[in-house]
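Quick notes on the structure that follows.
Nothing in this text is a laboratory measurement; each read-out follows from the coordinates by a stated rule. Computed from a prediction, not measured in an experiment: that's the story for all the values here. A quick note on method: Cβ atoms are made from the backbone with ideal geometry, for glycine too, and the neighbour counts reach across all protein chains shown.
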Amino acid sequence: MMMDNGTHHSVVQLNTTNSQNMTTIQQQHNESRVSSEPDHFLTIRLLMQGKEVGSIIGKRGDNIKAIREESGARINISDGTTPERIVTMVGTIETLAKAFGMICQKFEDDLKQTCTTIPPITLRLVVPASQCGSIIGKGGAKIKEIRETTGASVQVASEMLPSSTERAVTISGKLESIESCFRQICHIMLEV
C-alpha cells in the first residue's frame, strides 16, 4: 500500500499591512485550505489469473476502459508473461470501491453465463505483511468483525507470497458482501 498525503500550499500576497485585512485574508486562507484538503489515496493490488484479467480487459480493452472512466480510479495491469497477474488500482476509497465493484460485477456476470447457481466471487488482495496484523486485529477480533458485519469470508495467508514481503488476503462471498469487505479493508489500510 502506498499513501499520498499531498499537501497544497497557497501564497497570499498583501499590498497593505492593515491588520484587519490580514486577519480576513488569513481566515479565507484557512477556510479554503480546509475545504480543499485532498482525499487520501490508496494503492490496492489484486492477484488474478490470466483468464480473470482477460475478462476485465475485454475485447480491445473496452471493459477496463469503462471501469477506469466510470470509477475514476487509475488501474494498471502487469504484463501477461506469467499465469498470475497483478492489477494495481490507485484512488480514493470511493473510486477504488467503485472499480472493485465493477470488477466483481463482471465476474458475477461471467459466472451467470456458465453456472446455474452462482458460486461465491473470490478475489485476492496483495497486502504488505506489516499491515496484515491490522486486518486481523488483536486475537483475530478485527477479522472476525469484518466477517460478521459483511458476511464475506476473509482469509489472510500465513505465508508471504514467493519472493515478496506481502501476503495474500482472500475475500469471498456474494457481490454485496465482498464489496463491503473490500471497503472495510481499505479503511483499515488507510488508518495504518
Rank by packing, highest mean first: peptides 145-154, 80-89, 41-50, with packing defined as the count of other Cβ atoms within 10 Å averaged across residues. 41-50, 145-154, 80-89
Taking each pair of different alpha-carbon atoms in the range 41-191 once, compute 1/r for the pair, average those values, and report the inverse of that mean as the Kirkwood hydrodynamic radius in Å to one decimal. 15.7 Å
Check: C-alpha center the range 54-74 vs C-alpha center the range 127-192, spacing in Å is 25 Å
Between Gln155 and Thr116, 0.36 nm times their residue separation minus their Cα-Cα distance comes to what? 11.4 nm
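Less than 14 Å Cβ to Cβ from Val154, Lys/Arg counted +1 and Asp/Glu -1: what total charge do the surrounding residues give? Can you show the working numbers first?
Values: positive: Arg124, Lys142, Lys144, Arg147, Arg167, Lys174, Arg183; negative: Glu145, Glu148, Glu179.
Spelling it out: positives minus negatives among the neighbours equals +4.
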If N is the number of residues in the range 41-116, what value comes out of its Cα radius of gyration divided by 2.2 N^0.38 Å? 1.06
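Going down the table (Lys51/Lys174; Lys106/Lys144; Lys51/Lys106), which pairs top 23 Å between alpha carbons?
As for pairs spanning more than 23 Å Cα to Cα, those are Lys106/Lys144.
Given the convex hull over the Cα atoms of the range 143-192, what projected area results after averaging over all orientations, in nm²?
Details: hull surface 15.2 nm².
Spelled out: convex hull of the Cα atoms, projected over all directions, averaged, 3.8 nm².
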